[in-house]
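Written out below as structure tokens is the structure these notes cover.
Only the coordinates and a few stated rules stand behind these numbers; no lab work does. Keep in mind the model is a prediction, meaning the values are calculated, not measured.
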Amino acid sequence: MARGHRQRRRGRVVTGRGRRVRPVWRRTGWRTRWGGWWRADEGRATAFVVVLTVAILALAGLTLDGGLALATKVKANGEAEAAARAGAQAIDLSAYRSTGTLHLVPAQAVTDAQSYLATVGASGTVTVSGDTVTVTITATQGTQLLGMVGISSLTVHGTGSAHPQRGVVNVEP
């Protein structure tokens, strides 16, 4: 070693001739004493960073995939309401012309609502109760980030109902 060159051994600064100089922790200034505490973490921060990263990814997954599931639910509700309106148009024309009352033909209402669902590429259940057509759609939205924590898809439901009415602007009795 060149003369005057210092080397660090076991926490102490040693000169080239083997003479000891002050211990590292006794050097002057607070930087020397406290400046390197973060370098000696010995892997403790690694576990914290891993847990924190997983938590942030899970929250991002909830945000992204939750938004996609909400959009799918809105779409399912819209399709169910439109299918119910399509089914509510299946009125009994002979009864309407003779007495002026609106009554549904239940079999035709179910067929019309199911054909509308097939047109938009959805599937669901259609029920007719009195003069009300109710359509329930179940849709599945695949996840993007939540798949990393074991959730591969989210299931949403959409419901819509309609009944026949007279009038264009106002409901007539």
Karplus 3J(HN,Hα) series, Hz, for the range 125-133 with 6.51 cos²θ - 1.76 cosθ + 1.60 (x for Gly, Pro): 10, 10, 10, 10, 10, x, 10, 10, 9
Under 5 Å between amide hydrogens, which residues at least 5 positions from Leu145 or on another chain qualify, with H placed 1.01 Å from N in the peptide plane? Asp65
Hey, what do the phi angles of the range 135-144 turn into as Karplus ³J(HN,Hα) couplings, whole Hz, using 6.51/-1.76/1.60 and θ = phi - 60°, x for Gly and Pro? 10, 10, 10, 10, 10, 10, 10, x, 8, 10
